[in-house]
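Presented below is the structure to which this report refers.
The values are calculated or read from the model by the stated rules, or taken from the named source; none is laboratory data. Bear in mind that the values here come from a model prediction, so they are computed numbers and not experimental data. Ideal geometry is used to build each Cβ from the backbone, glycine not excepted, and the neighbour counts take in all protein chains shown. For accessibility, only protein heavy atoms count, side chains too; no ligands or nucleic acids. Shrake-Rupley method; radii C 1.70, N 1.55, O 1.52, S 1.80 Å.
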Amino acid sequence: MIKIKDLEKYYATEDVKTIALNKLSFEVKEGEFVAVMGPSGCGKSTLLNILGLLDDPDGGSFLFNGTEVAGYNERKRANLRKHNLGFVFQSFNLIDELTVFENVELPLIYTGVKPAERKQRVEEVLEKMGIMHRRKHFPQQLSGGQQQRVAVARAVVNHPKLILADEPTGNLDSSNGNDVMDLLTELNSAGTTIIMVTHSEHDAKYSHRIIRMLDGQKVTENILSEFTH
Amino acid sequence: MLKNYFKIAWRNILKYRVNSLINILGLAIGLTCVILIGLYIQDELSYDTFFKDSDQIYRVNIDGKMGDNAFYAGYTPPPAGAALVENFPEIESFTRIYRPNADVVEAKTENGELVFNETNIYAVDANFLELLSYPLAQGDPTTCLKAVNSAVVTHQIAKKYFGETNPIGQTLFYGSEKQPLKVTGVLEDLTSLPATVKFDMLMPVENFGDVAYFNWSWVWLNVATYVKLTDQAAKDPNTLARLESKFPDMVKTQAAGAFDRIGQPYEQFLKNGNHWDLHLQPLTDIHLRSGEIVSAISDQGDIQNLYIFGLIAFFIILLACVNFTNLATAQAGKRNKEIGIRKVLGSPRSQLMKLFLAEALLYTLIAAGFAVLLVFLLLPFFNSLSGKTIFFTDIFNNGIWIILIGLILLTGFLAGIYPAFFLSSFKPVAVLKGGLTATKNGFLRNGLVVFQFVIAIVMVISTLIVFIQLRYIQQRDLGYDKENILVISNTETLRKSEDFFRQELAAMPQVKAATSSTSIFTKGSFGDFYLPQTNEANHAVAKDIVLESYLVDDHFISTLDLQIIHGRGFDARFNDSLSIVLNEAAAKQIGWVNPVGQKIRYPGGNMEDYTVIGVVKDFNLQSLHQSIQPFALFSNTSKSYDTGTSFITVKYKSADPKELLSSIENKWKRYQQDVPFQYSFLEDDLNAAYRSDQQLAKLYGIFTSLSIFIACLGLFGLVAFTAQQRTKEIGIRKVLGANVAEIVKLLSTDFLRLVLIAVIVASPIAWLAMNQWLQDFAYRIDIPWWVFVVAGTSALAIAIITVSIQAVKAAIANPVKSLRME
C-alpha cells in the first residue's frame, strides 16, 4: 500500500540546513499495523506528515497504492487525504467550536456525503466508540479519553484505508490509553492499515512491526508478529 | 452546508465577544450611515420624477449675454412658450409660472375675517395642472384654473382659512384690492413632495398685468416656462439637439421687434458678441443638474453634494470593513488549529474561504438588523437635520431594499474576502505545529490602520474647513451693517401715507433712521438693460450694461450706512428724478474715468437719460454666495420702472427689539387695518440663505465623528489583541521591574506612529480636495495652516486615549497571573 524509497526532507534556515529524513526507505502492506519509534528529533513526525500527505518530500519517491504522490499539489493531496486517510493526534485536535457529532461529521461533509447518510454513519461510529450519549457536547466538556475516542471516531468515519496515529495515548492515563489502543487494534483486525508514531514501548507492542529511527534513517526493524494477508 | 457555516460563525461570534462587539458596532454604524445617506440621495434623485410624463417635460432656460453681463437662468420672456409651440411641432404644449410679490389674502368666515400675508402664491397658465400633475385632492386639473377668478390652494391653506369646511366654492379675497377668487381645486399637502417648484396657492396669470404688459418683450425675464414634447419626439434622443439648433433663428425672428424697441437691433446685438439663446432642460434634471442656472422658484440642489455624500458613505463602510479585516487577521492565531484540522480532514481552500465569508456575512447581517433599527430611531433627527421628509417605509420602496440586500452582501464580501484568503492560505502542518503567529501580517494591518486614519483625518480637516468657510461668509463685510435692521414688508399698501408712517418710525427714540425702497437686501431686485453715454473724453468701455436696481428715498444711503465714494446721494434739496447712483462695480464696468456727471440712458423706459450723481462702495444684495453685480439706485421720484412693491427698513438702537416691535405694530395698525403687520430681521433673512449650507455642514460633521469613532473602535480592538498576545512578555518585563508607564509606552508607540503617518498622508489630500471645494464660493478663505495641526493633534489625542485604555489595563494586570497561564 505504501512504498517509500530514498525519501528526503530538509529544513533550511538562513545558515543551517537540517536533514530531517535521510534517504529513508520502507514499505507498508495493506492491513498492516506498523509502529514508528525513535528519540525526539529523529524525523518521526516529519515522516508522518509526509505519509499523511500534509507535507511534500524534498526527494525520493512515495508510492501510495502504486501511484507516485511525491510532488502532488495541495489540492490533489487534500483530495487523496479526505478519501483515504484518517488522523489521530496526541492532542486530539478536535475543533472546540463544534460538538462531538459535528466534529465526527466533518470528514463526511468534505467528501460530499448526503446529510441523511452522514447522520446515520456518524451515529453508527459514535455508538461503536461508546460516546453516543456525548454527541451534543463540546470537546471541552469531555475527558481526555473521551476526546481521543471522538478523534478516533472522526478518523474512521470515512472508512479510510490508512490511519495515521501520532502518539495517540501521549495525553492519556494508562487505562484510557489502553482503551484507545484496543480500539486501534480492533480497527486493524477489521482491515484498516495503521501507522503509529509512539514513544511508548507498551503501545508499540500492539503492532505487527516496529520501525526504529535515528537521525532521519531507519536503524532496525522488529517484527513482533507475522503479518499475512 | 450554508447552515453549517452560519452555525459555526455564530458560535465564533459568541466566543470572541469583544471582537464581535467591535465588528458589529462598527458595521452597524457604518450601515446606518450608508442607509441614511442612501435615503437622502434617493430623495434628492427622485425630484420631479412623480409627474406624469416627466420624461417629456422640459424647462426653457435662457443663456444670455448682454454687454459684460452673462447669465444662465431658468426664466424666459413671456412670449417664448407660445412661440416654441407655434414653431415646432415636436413641442406639444407649454405652461408658465410667474411669481408675484407677496400679498394679503383674506377670507370671511363665521368667526370674522381672516387675513394673512401669503408669500407663496404662484400665477400660472390655465393648463398648468394638466401639464404638471401635482396631486389634486379636489377639483379638475383641466378646468380648475380656466376662470380668471379661480384659485387652487393646498390642504394647509384651505384649512388655515376655512377650517373643516369644504373649501371648494369658497371665496378668498386677494390683495389690497380684495379681488374675489373662487376656490376651484385643493392640492394635497406639498411639504414632503419631491418637487422643485412648491407653492401654497395658484391663480391664473391673467390676474397680473405685468405679464400681459410685457408680452411684447423678449428681455423681461420674469416667467418660468415649461414645455411638453410629444411622446414621439421625447423618445428620439436627437430631438433636443435638433430643436435647440433651430432656436436661434426662431428667437431672431420673434425677438427682433423687442430688441429694436430697447434700442438694440438684434443683428447688432449679436455682432457685439452678445447672445440670447434658449435651451431645454429636462424637468428631472432641474433639481440636481442646474449648476449655475439661476431660479428663485425652484429648489435646486447640487449633484456634487450627492457625490460627496456617496463617497463618505463608501468610506465609512470601508472603515468598518477594514476593522473586520484587521481583527480577523490579527486573531488568526486563535483560528489556526481549527483551520489546520479542517485542512487535514481534507477541506479544500475554497470551502474554508466560504466559511470565513459566511462568518463575515453573518456579522454584517446582524449589524444590518441593528442598522435598520437605528435608522428607524434616528430618522426624525436626521430629517430635522437635513431638512428632508423621509419616511422609514421609504426603505421598502423603489427597490431600495434590494439595494440594501446588495449592500449587505457587498459589505460582508468586502469585510470577509481578505481574511478568507489570508486564513485559508495556512499550511496545515505549520498550523498544527502552532508555528503561525499573528504578527506575520503586521505590515498589511499597519497599512490598513494608516488608511483608516487617513480617511478619518481627511474628513476632520474637511469638516473644519467647511465650518470656517461658512463662518467666514456669514461674518464677512457685506458693505453695510446688517445688525439691528428691521425690514417691514407690504408698505406699498400704505400708499400716500407710507412716508408719514416712515417719519413716525424715524422719530421714535429707539430708532436711528428709517428708509423706504422698492426692495431691500435678500428680497430680490429689478434688473434691466441700460446704455451708458460714450464719447471720446469719458473713456466708457461698455456700450451697454445690465443694472440691478432699487427705487429709494433720500434716507436709504444714510440708514444703511452705505459709503459714498464720489459725488452725493439723493437729497431733498435737489430734483433727483433723473439722477442715478451707481455702485463701484457698475462704474468700473462702464469704465468712465470720472463717473459723476455722466449720463445713462434707459431704453426700457422712455429713453430717459439719467445723470450719475454719486458712486457708493460695493455692497452685497444677496448672501455671499453671489458676487457683487453692477447696481444702481434710482430716486423714488424718478420715472424709472417701479416694481410696485415697497419696504420700510428701520435701523434701530436697542439690543432688544421686542418692545420696539410691538410699538411699531401698534403704529402700523393705525395706518393699515386690512393688511397684517409683517416684518423680518435682515440678519435672519441673510442667515436663511446659509441654512442649507449649514445643514450639509452639520451632516458632514456627524458623519466625520462617526468615521473617527469607527476607526478608533478598530484601533481599540487591535491594541486589546496586541496586549493579549504580549501578555507573557508584559509579565516578564514587569517581573524584571518595568513600571506601568513603560508598559503603556511599549504598547502605544507603534500605534501612535501609525496615526502620525496618517496625519502626514492626510493633510495634502485634504488640502487639495478642500481647495477644489472652495472654488465654488465667490468669497472664500485661504485654508489656514492650523486646521492641519488641530486635526492632527485631535486625531492623535483620540488615538492616545483609545490605545491607553487597553494598554493601561494590560500594564496593571498582575504579572504572576499572566505567567502562570503559560
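With charges set only on the Cβ (+1 for Lys and Arg, -1 for Asp and Glu), what does the dipole of the protein assembly as shown come to about its Cα centre, in debye to the nearest 20?
4880
Among the aspartates and glutamates, which fall within straight-line cross-link reach of B:Lys588, defined as a Cα-Cα distance under 19 Å, with same-chain neighbours fewer than 8 residues apart omitted?
Candidates past the 8-residue exclusion: B:Asp68, B:Asp528, B:Glu536, B:Asp544, B:Glu548, B:Asp618.
Probe radius 1.4 Å, ligands and nucleic acids left out: can you give me the accessible area buried at the A-B interface, summed over both chains, in Å² to the nearest hundred?
Interface area, both chains combined: 2100 Å², rounded to the nearest 100.
With axes computed from alpha carbons, what is the tilt in degrees of helix B:303-330 against the longest principal axis of chain B, rounded to the nearest 10 within 0 to 90?
The angle comes out near 10 degrees.
Can you tell me which of A:Gln140, A:Gln90, A:Gln217 moves the most in a GNM of chain A? Springs connect C-alpha atoms under 10 Å apart.
Between A:Gln140, A:Gln90, A:Gln217, it is A:Gln140 that shows the largest mean-square fluctuation.
With only alpha-carbon atoms counted, please give the Rg and Dmax of the stretch B:486-567, in Å.
That works out to 16.8, 52 Å for Rg and Dmax.
Using only helices, what value at 222 nm comes out for chain B when you add -39,500 (n - 2.57) per DSSP H run of length 4 or more and divide by the total residues, to the nearest 500 deg cm²/dmol?
Helix contribution divided over all residues of chain B: -16000 deg cm²/dmol.
Give me a single rounded figure for A:94-107: the average over its residues of other chain Cβ atoms within 10 Å of their Cβ.
The mean count of partner-chain Cβ atoms within 10 Å per residue comes to 4.
Rounded to whole Å and ordered largest first, report the semi-axes of the equivalent ellipsoid of the stretch B:602-745 derived from its Cα gyration tensor (root of 5λ).
68, 23, 15
Based on the Cα gyration tensor of chain A, what are the three equivalent ellipsoid semi-axes, each the root of five times an eigenvalue, rounded to whole Å and given largest first?
Whole-Å semi-axes of the equivalent ellipsoid: 29, 20, 17.
Can you tally the net charge around B:Lys698? Count Lys and Arg as +1, Asp and Glu as -1, for every other residue whose Cβ sits under 15 Å from the Cβ of B:Lys698.
Combined, the nearby Lys, Arg, Asp and Glu give +2.
Only Lys, Arg, Asp and Glu count, each charged at its Cβ (+1, +1, -1, -1), so figure out the dipole size of the stretch A:98-177 about its Cα centre, rounded to 20 debye.
The dipole of the stretch A:98-177 has a size of about 280 debye.
So what is the diffusion coefficient of the protein assembly as shown in µm² per second by Stokes-Einstein at 37 °C and 0.692 mPa s, using a Kirkwood Rh over Cα pairs?
91
Accessible area, 1.4 Å probe, largest first: how do B:Leu357, B:Leu373, A:Leu47 sort?
So, going from the largest accessible area down, we get B:Leu373, B:Leu357, A:Leu47.
At R0 = 56 Å, how high is the FRET efficiency between A:Lys5 and B:Leu14 if r is their beta carbon distance? Nearest 0.05 is fine.
0.65
Per the 1.4 Å probe, what fraction of the accessible area of the protein assembly as shown, in percent, lies on carbon and sulfur atoms?
Looking at the protein assembly as shown in its full context, I get 55 percent from C and S.
For the stretch B:517-617, report the translational diffusion coefficient in µm²/s to the nearest whole number, using Stokes-Einstein at 20 °C, 1.002 mPa s, and a Kirkwood Rh over Cα pairs.
154
Which whole-number percentage describes the relative contact order of chain A, with Cα contacts under 8 Å and a sequence gap of 6 or more?
Once normalised by length, the contact order is 29 percent.
How do B:444-455, B:669-680, A:21-32 rank on mean C-beta neighbours within 10 Å, highest first?
The packing order, highest mean first, is B:444-455, A:21-32, B:669-680.
At 222 nm, what value in deg cm²/dmol follows for chain A if DSSP H runs of at least 4 each add -39500 (n - 2.57) and the sum is divided by all its residues, to the nearest 500?
-10500 deg cm²/dmol
How much space per residue, in cubic angstrom, does the convex hull of the C-alpha atoms of the stretch B:9-139 take up?
Convex hull volume per residue, Cα atoms: 326 Å³.
Take the Cα gyration tensor of chain B, multiply each eigenvalue by 5, square-root it, and list the three semi-axes largest first, rounded to whole angstrom.
63, 32, 27
Between the alpha-carbon centers of the stretch B:38-59 and the stretch B:508-522, tell me the distance in whole angstrom.
Between the Cα centre of the stretch B:38-59 and that of the stretch B:508-522, the gap is 42 Å.
Can you give the angle from 0 to 90° between the axis of helix B:442-475 and the longest principal axis of chain B, with both taken from C-alpha atoms, to the nearest 10?
Its long axis makes an angle of about 20 degrees.
With viscosity set to 1.306 mPa s at 10 °C, what whole-number translational diffusion coefficient in µm²/s follows for the stretch B:269-364 from Stokes-Einstein and a Kirkwood radius over Cα pairs?
My calculation gives 83 µm²/s for D.
How do A:70-79, B:310-319 rank on mean C-beta neighbours within 10 Å, highest first?
Highest to lowest by the protection proxy: B:310-319, A:70-79.
Relative to the longest principal Cα axis of chain A, at what angle does helix A:74-84 sit, 0 to 90 degrees, rounded to 10?
So the inclination is approximately 60 degrees.
Could you size up the charge dipole of the stretch A:143-227 around its Cα centre, putting +1 on the beta carbon of Lys and Arg and -1 on that of Asp and Glu, and report it in debye to the nearest 20?
In debye, rounded to 20, the stretch A:143-227 gives about 260.
Treating only the Cα positions of the stretch B:99-144 as identical point scatterers, give the base-10 log of I(q)/I(0) from the Debye formula at each q in 0.18, 0.27, 0.29 Å⁻¹.
So the normalised log intensities are -0.77, -0.93, -0.95.
More than 12 Å apart: what percent of Cα pairs in the stretch B:714-759 qualify?
65
Hey, got the average number of other protein chain Cβ atoms within 10 angstrom for residues in A:50-59?
The shielding value for this peptide is 2.
Given N residues in the stretch B:490-677, what is its alpha carbon radius of gyration divided by 2.2 N^0.38 Å?
The value comes to 1.09.
Hey, any idea what Rg/Rh is for the stretch B:54-285, computing Rh the Kirkwood way over Cα pairs?
That ratio is 1.02, to two decimals.
Among all the lysines, which ones have a C-alpha under 27 Å from A:Lys114's C-alpha, if same-chain residues fewer than 8 places away are not counted?
Of all the lysines, those that pass the test against A:Lys114 - Cα under 27 Å, at least 8 places apart if same chain - are A:Lys76, A:Lys82, A:Lys128, A:Lys136, A:Lys161, B:Lys3, B:Lys7, B:Lys337, B:Lys343, B:Lys354.
Can you list the residues, at least 5 places off or on another chain, whose amide H is less than 5 Å from the amide H of B:Tyr75, using H built in the peptide plane?
B:Ile62
Which of the residues in the stretch B:331-349 lose at least 50 Å² of accessible area when you go from the chain alone to all protein chains together (probe 1.4 Å)?
With the partner chains in place, the stretch B:331-349 has these residues losing at least 50 Å²: B:Lys337, B:Ile341, B:Arg342, B:Val344, B:Leu345, B:Gly346.
In Å², and per residue, what accessible area does the protein assembly as shown have when probed at 1.4 Å with the other protein chains present?
Roughly 44 Å² per residue, with all protein chains present.
Can you give the net charge of the other residues whose Cβ lies under 15 Å from the Cβ of B:Ser386, counting K and R as +1 and D and E as -1?
So the environment of B:Ser386 carries a net charge of -3.
Mind checking which of B:Leu240, B:Ser46, A:Ser45 is farthest towards the positive end of the protein assembly as shown's charge dipole, using Cβ charges of +1 (Lys, Arg) and -1 (Asp, Glu) about the Cα centre?
Going by the Cα projections, it comes out as A:Ser45.
So what is Rg over Rh here for the stretch B:165-211, counting just Cα atoms and using Kirkwood for Rh?
1.01
Please name whichever of B:Asn166, B:Thr184, B:Asn149 sits farthest to the positive end of the charge dipole of the stretch B:54-285, dipole taken about the Cα centre and charges placed at Cβ: Lys and Arg +1, Asp and Glu -1.
The Cα lying farthest towards the positive end belongs to B:Asn149.
Mind checking which lysines have their Cα closer than 18 Å to the Cα of B:Lys512? Skip sequence neighbours fewer than 8 apart in that chain.
List returned: B:Lys482, B:Lys651, B:Lys653, B:Lys658, B:Lys667.
Could you tally the net charge around B:Gln775, taking each other residue with its Cβ under 14 Å from the Cβ of B:Gln775, Lys/Arg +1 and Asp/Glu -1?
Taking every other residue near B:Gln775 into account, the sum is -3.
Using only the alpha-carbon atoms, what does the stretch B:693-822 span along each of its principal axes? Please give whole angstrom values in decreasing order.
If we take the Cα atoms of the stretch B:693-822, the spans are 68, 25, 16 Å.
Could you pull the accessible area for A:Glu167 with a 1.4 Å probe, rounded to 10 Å²?
A:Glu167 has an accessible surface of roughly 30 Å² with all protein chains in place.
Could you grab the relative contact order for chain B? Cα pairs under 8 Å, six or more apart, rounded to a whole percent.
15
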